[in-house]
C-alpha cells in the first residue's frame, strides 16, 4: 500500500512538473520580455537616431537591406523601448491546450492541430524542420485575429528617385478566418464550410476611376496540398475570372506588390522550402500610432495615417524597436518562380513578418518589404483590448527599379464590416 501511495504521489508530482513545463514553453513564446528581459545593444538604445553618420555602429541590429538604405542616406531610424504586446488570451490558452499533440505531416500538412500557435517551442538550429514549423506558426498566427477590415486603404506608387507620385489606389481589404477561431463567435469554426476553407481575403478598389470596382477574392484551404482559389472581378469588363496559379506572382494593379506578398506572404506553406537561419535581435517597425507625427493627407475626422518620408517618400515615418526575431529563408519550390528566395524576420512574440527581403532569380537583392505594426491600445478605440498587433503601414521598395509602393491603413477589428457573404464569388458579381 505504501509503495502504491509513493508511486501515486510521484506520478502526481511528475504530472504537475510536466504541466508547469508546458505552461513555461507557452509563456516564453508569447511573453519573451517578461520580467524586463528585453534585448539590449551597447549602441542601439531607446532614444538613439540611426542615420548614415553612425549606421556602422548599428550594423549588428539591422538586416542587410535596411543597413544599406540608411548607409545611402535614404532613411533614418529612431529607436523606442522594446514593448511586450498584449496577445489575445484565448489564443494563448488554445496554444497551451493543444500544442503538445501537434506534429508535421498528415493530409492537411499538420496533424492534430486545433487552434493557437502550433509550435510554441523555441526553434532549434539542429532541427531540419524548424523553418517549416515557424512557417506554420506564421500561417496560423493571430495577425488580424478572427476578422478585420482595412477601410480606407491607400496605396501610393512613387518614383523613388524624385518622389513623383504616379498613382494612388484607394481600396478596402477584408479578412476572415473560417476555422481555428479563438475570440469571435462562432468558435472554433464558421459553418457550413464544405470546402474546409481556413481563411479568405476580399479586396475592393474604390479609386481611381479606371480601376474602380476591381475586386479580388482569395480562398485558402485547411488542406495545404490544395491550391488557393482566387478570382478577379474587373469593373470595366463586368465579369469574374478565375486566376491561374502563375498570376499570384504578377504585379497587382501596377504596384510593386504581387498577390503573393499580401500580409507578408500569401500562399501555401508547401510552395516554399523553409530553412531556419537563427535567432537575432534586430530593429523592427513596431510603434504607437497615436504618438507619431501623422500625415494630414487623406485625414478623416477620427483618424490620420502614418506619414512617409526619406528617399522618394518611400519610407514610413515611424519608430522602431529592438526585438527578438527568427530569421527564415524561404526558397520557391517552383523553378519558374520570379524570385530565388525570401528572407523573413518573424517577430518572436507575435510571429508577424515586419521585415522581408526578396531576391531576384539571379540571387540579387530586389525588394525590401516593411510592414509597420502598432499596439492596438494606441490606435482606434474599437481596436483597444483586441489582443492583436495592428498592421498600420507598409513600404515595398524595388531597389533595382528605384520605385516604391507605400500603404496607409485604417484597420478596424469590427466583424460587422466583414460579413461572411462578402467572401463569396456571388458577392463579386453583385457589388456595384
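The values are calculated or read from the model by the stated rules, or taken from the named source; none is laboratory data. Remember, predicted model here, so these are calculated numbers, not experimental data. Reconstructed Cβ throughout: ideal geometry from the backbone, glycine too, with neighbour counts over all protein chains shown.
Just name the residue that is farthest from residue 114 (Cα to Cα) out of those in region 227-251 that are crowded, with 18+ Cβ neighbours inside 10 Å and without any contact (Cβ under 8 Å) to a residue 24 or more places away in the chain.
Looking at the filtered set, the residue picked out is 232.
Being assigned to a loop (DSSP other than H, G, I, E, B) and either within 25 Å of the chain's Cα centre (by Cα) or buried (at least 16 other Cβ atoms within 10 Å of the Cβ) (or both) is the filter here, so list the residues in region 156-166 that pass it.
First, the residues of region 156-166 that are assigned to a loop (DSSP other than H, G, I, E, B): 160-164.
Passing the criteria: only 160.
How many of the residues in region 102-123 are at negative phi and free of Cβ contacts under 8 Å to residues at least 24 places away in the same chain?
Total meeting the criteria: 5.
Of all residues in region 267-305, count the ones that are out of contact with any helix residue (DSSP H, G or I) (no Cβ under 7 Å at 6 or more places or on another chain), assigned to a loop (DSSP other than H, G, I, E, B) and under 21 Å from residue 355 (Cβ atoms).
Count: 2.
Quick grid of which residues meet (1) within 20 Å of residue 431 (Cα to Cα); (2) modelled with pLDDT under 95; (3) crowded, with 19+ Cβ neighbours inside 10 Å:
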site: 173; (1), (2), (3): yes, no, yes
site: 176; (1), (2), (3): yes, no, yes
site: 184; (1), (2), (3): no, yes, no
site: 200; (1), (2), (3): yes, no, yes
site: 205; (1), (2), (3): yes, no, yes
site: 209; (1), (2), (3): yes, yes, no
site: 212; (1), (2), (3): yes, yes, no
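Within region 214-242, take every residue that is more than 19 Å from residue 140 (Cβ to Cβ) and out of contact with any strand residue (DSSP E or B) (no Cβ under 9 Å at 6 or more places or on another chain) and give me the one that is modelled with the lowest pLDDT.
236
From 75, 91, 99, grab the single residue that is surrounded by 21 or more Cβ atoms within 10 Å (Cβ to Cβ), touching a residue at least 60 places away in the same chain (Cβ under 8 Å) and within 30 Å of residue 403 (Cα to Cα).
Every option except 75 fails the conditions.
If you check 278, 312, 264, which single one turns out to be more than 17 Å from residue 379 (Cβ to Cβ), in contact (Cβ under 8 Å) with a residue 60 or more places away in the chain and surrounded by fewer than 18 Cβ atoms within 10 Å (Cβ to Cβ)?
Details: 312 fails: surrounded by fewer than 18 Cβ atoms within 10 Å (Cβ to Cβ); 264 fails: surrounded by fewer than 18 Cβ atoms within 10 Å (Cβ to Cβ).
Result of the check over 278, 312, 264: 278.
Report whether or not residue 325 is closer than 28 Å to residue 274 by Cβ and in contact with a strand residue (DSSP E or B) (Cβ under 9 Å, 6 or more places away or on another chain).
So residue 325 fits the description; yes.
Could you figure out which of (1) touching a helix residue (DSSP H, G or I) at 6+ places or on another chain (Cβ under 7 Å); (2) over 30 Å from residue 123 (Cα atoms); (3) in a strand (DSSP E or B) isn't true of residue 326?
Single failed check for residue 326: (2).
Residue by residue, here is whether (1) at pLDDT below 95; (2) under 25 Å from residue 389 (Cβ atoms); (3) in contact with a strand residue (DSSP E or B) (Cβ under 8 Å, 6 or more places away or on another chain); (4) loosely packed, with under 15 Cβ neighbours inside 10 Å holds:
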| position | (1), (2), (3), (4) |
| --- | --- |
| 111 | no, no, yes, yes |
| 121 | no, yes, no, no |
| 128 | no, no, no, yes |
| 133 | no, yes, yes, no |
| 148 | no, yes, yes, no |
| 154 | no, yes, yes, no |
| 168 | no, no, yes, no |
